[in-house]
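Have a look at the structure below before the remarks.
The values are calculated or read from the model by the stated rules, or taken from the named source; none is laboratory data. Every value quoted in this text rests on a predicted model; they were computed, and no experiment measured them. Cβ placement follows ideal geometry from the backbone for every residue including glycine, while neighbour counts extend to all protein chains displayed. When the accessible area is computed, the model is the full protein with side chains, heavy atoms only, and any ligands, DNA or RNA have been set aside. Shrake-Rupley method; radii C 1.70, N 1.55, O 1.52, S 1.80 Å.
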Amino acid sequence: MCGIVGAVAERNVTPILLEGLRRLEYRGYDSAGIAVLNQDNCIERVRRAGKVQALADALETTPLQGMAGVAHTRWATHGEPSEKNAHPHVCNASVAIVHNGIIENHGMLRRQQKAAGFNFTSDTDTEVAVHQVEHYLKQGNDLLSAIIKAVADFEGAYALGVISAAEPGRLIATRSGSPLVIGLGLGEHFIASDATALLPVTRRFIYLQEGDVADIRADALVIYDSNGHQVERDIQESDLSADATGKNGYRHYMLKEIHEQPTCLLNVFEGRVHDRILSDATFGLGSAAVFDSIKCVQIVACGTSYHAGLVAKYWLEDLVGITCRVEVASEFRYRNPVLMPDTLLVTISQSGETADTLAALRSVKARVAATLSICNAPESSLVRESQLSLMTRAGPEIGVASTKAFTSQLLALLMLVITLGKKRGMEAEQASSLLHEALTLPGIIENILLEKASIEKWAEAFTDLSNTIFLGRGVLFPIALEGALKLKEISYIHADAYPAGELKHGPIALIEPGKPIVAIACKDGCEDKIKSNLQEVLTRGGEVYLFADERLDLTDMGEHCHVITLPSVSSILAPLLYAVPLQLLSYFVAVQKGTDVDQPRNLAKSVTVE
C-alpha cells in the first residue's frame, strides 16, 4: 500500500528518491520521508506529514546529500498519519528502514524489544522491524545476515529497504507478500515498489520473487532466494518512457486515463484478433487443452475488479451456459468454498499484488482445474502464481479511482467468454460478430468523450448532495455499482447502487422531492421495466438523470427525467460503453466540489495489505 524507493550510487541520490516518491504517491500520501548516508557515513533523515510536496518543501531548507538512501510515502495502517509515524524509521542512529506491508506479530515483538531496552518513538508496526535488525547487528552479524534473521521473526507481509551507518554503500532489500523491483543503472542500483518510480533513471528491472533478499551496491548485485541460495533473476526491459506517468496536459490523471480508454481497448485487441477471429494463443500455450475440461468458473476480485467479474457472470451464463460464481476476495479467502474439480479460478487485479486476491488464489489453487489471472502488471505476483494469464495492457494507471483498467478488464473477460463459448458450441458467426462490434467501441467512446460538456453540466445537480442512488438492470447493474463506487471514492458523496427492480423493496424510502437519481438503460428487452421503475422515482418528486440507448422511446418520461442518449450497441457490450459516462459524471462532480480527484482521502491505489 505504501511506496518504497531506495538507491545506491556514485552521486547524490536525494533527487532520485524524491522523484521516485512523486511517482509512487498514488500508493499513499499520508506522510513521506527520506534517509541518506551522508559523507561522514551518518544517517540523516527528513520526514513530513502530508503529501510528498511537504517533504520537498522541507528539503529546500534542510537539504540531504548522500550516495545511499531510502525513501517512503505512507498509507497509514498502524499509527495515525503524523511526522513521528512517517518512514524511514531509524534505530540508534545506526539503521534506517522503509517498509510496505504489515508486521502482524508486532505487538509481541514490541514487548520483547521494550524488555531488551529498545525505545519506541512511533506507533507503527514498522518500528519493530528496524529494532529487530539492530538487535541482530549487536550480536555481531553483518547487515545482510541481520536482516535475514530479522525477517524470519516476522509474521505478515513486508517489502523492506535497509541501510546502515556501519556499512556505507550497501542497501539490502527483501520482500514477502509485498512487491519490490530492482532497477539496474550504470554503476548504480535502485529499488522501488513499482517500476514506474524509476523510469527517469533506468528501464532495466529485476522483479524480486517471494522471499528474495537482494544485497545491493553501486557496482554489484547479489540475490538470494527464500532458501538462502544465490540465484539469477531475469532482467526485464520496460517499453515505458519516463513521461508515461505524466498528465500530458490534462488537469488530472483520472481525466487523462478516462480519455486513454479508446487506445487501451485497442491495445487489448492487438495481436490477439485477426479477421474477427480470436487467436488460440491469447491465454498462453496449452490454454486450449485446459479450457476443454472447464465446466464452472469462479471469479475472485476486489473493488472495481469485482464489478468487472459481476459483468462476466452475466456474459458467461447467458452466452456460454456455464456456471459462474463471483466473490469478493476478502470474504472468499476466509471461508471454505465448495469448488468443483473442473473449475477455472479467475482472479482479476489491476496491480497483481492485491493482498486478498493473492491469498484467495493461494488458498484454493490446488483444488481447481486451472487458474487464470487477468491483470495489468506482467511481472506481478498474481501473474507469476497463476497457470494462465491475460494482460490488459492498460499502461500505468495513476489515478486512484480506476477507469481504463476497468474497461480493459471487461474486454479481456469478453475474450474469455468467447474462448469458453467456442468450446461449448458458440457459433463462429456469433463470436465473430461480438469481436467485430467490440472493435467499434473505441471509436464510439471517442465520440462520447467529445460530448462530455453535457455530463459536466449535470454534475452541478450533485455537488451539494450527501447521498444518491444508481439504478441499472441486467448486465448494467454491475456498471451501476461501479458508478456509485466512483462517486464515493472521489467526491465523498455516499452512493448506493441497486437493480432497478429492487427499488420498491426498500430504497424507494430514500426518494424525496428534488433528489437526483442516476440510471442507465440499454435496449435489452427490459427497457419498459426500467422505465416503470424510474416512473416510481418521478412520481415521488425525484429527479432522474438517465444515460440511455438512443433507440429508447422516452417521450413519456416528463421534464424531471433528464436524458443523455448514447450510441446504440448490443446489450452484451453495453457495460463497456456505459461505464465511461459514469466515470465522467463522478469526475466532474468531484472537480466542482473541489476534492482531490487523483488522491482521494484515506485511499491508495494498490491494496497490498489486508
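Computed quantities for the displayed model
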quantity: Kirkwood-type radius of the range 318-451, with distances r between different C-alpha atoms, in Å; calculated: 16.3
quantity: Rounded to the nearest 10 Å², the accessible area of K84 at probe 1.4 Å; calculated: 90
quantity: Gained length - V222 relative to S241, 0.36 nm times residue gap less alpha-carbon distance; calculated: 4.1 nm
quantity: Cβ charges +1 (Lys, Arg) and -1 (Asp, Glu), total dipole of the chain, debye; calculated: 680
quantity: Sequence of E260, E19, E25 from largest to smallest accessible area, 1.4 Å probe; calculated: E19, E260, E25
quantity: Leading residue at positive end of dipole, the range 28-70 (Cβ point charges), from G69, L37, G50; calculated: G50
quantity: Alpha-carbon spread of the range 196-276, three principal axes, descending order, Å; calculated: 46, 37, 20
quantity: For the range 25-55 and the range 356-402, distance of Cα centres in Å; calculated: 32
quantity: Cβ-derived FRET efficiency at R0 22 Å, E210 paired with D234, nearest 0.05; calculated: 0.90
quantity: Relative contact order, percent, the range 354-475 [alpha-carbon distance under 8 Å, six or more residues apart]; calculated: 13
quantity: Centre separation in Å (Cα based) which lies between the range 77-93 and the range 430-500; calculated: 40
quantity: Cβ-based charge dipole, the range 474-592, positive-most Cα from G506, T539, I490; calculated: I490
quantity: Difference of contour (0.36 nm per residue) and Cα-Cα distance, N447 to E317; calculated: 43.7 nm
quantity: Antiparallel DSSP beta bridges within the chain, percent to nearest 5; calculated: 60
quantity: Length added when fully stretched, Q39-A116, from 0.36 nm per residue minus Cα-Cα; calculated: 24.5 nm
quantity: Summed residue charge, Cβ within 9 Å of H87's Cβ, Lys/Arg positive, Asp/Glu negative; calculated: +2
quantity: Cut-off under 5 Å, modelled amide H: who pairs with M426 long-range; calculated: none
quantity: Backbone HN-Hα couplings from phi across the range 526-538 [Karplus 6.51/-1.76/1.60, Hz, Gly and Pro as x]; calculated: 10, 5, 5, 5, 6, 4, 5, 4, 5, 4, 5, 5, 5
quantity: Förster-model FRET efficiency, 41 Å R0, Q53 and D142, C-beta, rounded to 0.05; calculated: 0.65
quantity: Net charge of neighbours whose Cβ lies under 11 Å from the Cβ of D123, counting Lys and Arg as +1 and Asp and Glu as -1; calculated: -1
quantity: Longest to shortest principal axis, alpha-carbon extents of the chain, angstrom; calculated: 80, 55, 43
quantity: Square roots of 5 times each gyration tensor eigenvalue, C-alpha, the range 209-342, largest first, Å; calculated: 33, 27, 19
quantity: Length-normalised contact order for the range 145-256 - Cα pairs under 8 Å, 6+ apart - percent; calculated: 20
quantity: Of all accessible heavy-atom area on the chain, the percent that carbon and sulfur account for (1.4 Å); calculated: 48
quantity: Rounded accessible area of D153 (nearest 10 Å², 1.4 Å probe); calculated: 50
quantity: Rounded to the nearest 20 debye, dipole of the range 320-429 from Cβ charges on Lys, Arg, Asp, Glu; calculated: 240
quantity: Rounded tilt (10° steps) of 106-115 against the dominant C-alpha axis of the chain; calculated: 20
quantity: Computed FRET value (nearest 0.05) for D596 with E460, which takes r as the C-beta separation and R₀ as 22 Å; calculated: 0.65
quantity: Counting all C-alpha pairs of the range 420-489, share separated by more than 15 Å (%); calculated: 73
quantity: Rounded accessible area per residue of the chain, 1.4 Å, Å²; calculated: 38
quantity: Residue (of Q409, L441, Y334) at the positive-pole extreme of the range 316-442, dipole from beta-carbon charges; calculated: Y334
quantity: Relative contact order computed over the range 211-339 (Cα-Cα under 8 Å; 6+ residues apart), in percent; calculated: 12
quantity: Cross-link partners of K84 among lysines (Cα-Cα below 27 Å; sequence separation of 8 or more within a chain); calculated: K51, K114, K138, K149, K605
quantity: Exposure of I469 as accessible area (Å², to 10), given a probe of 1.4 Å and all protein chains; calculated: 0
quantity: Net charge of Cβ neighbours under 14 Å - reference D239; Lys, Arg +1; Asp, Glu -1; calculated: -1
quantity: Computed helical MRE - 222 nm, the chain, DSSP H runs ≥ 4 contributing -39500 (n - 2.57), nearest 500; calculated: -10000 deg cm²/dmol
quantity: Taking N as its residue count, the alpha carbon Rg of the range 288-355 over 2.2 N^0.38 Å; calculated: 1.11
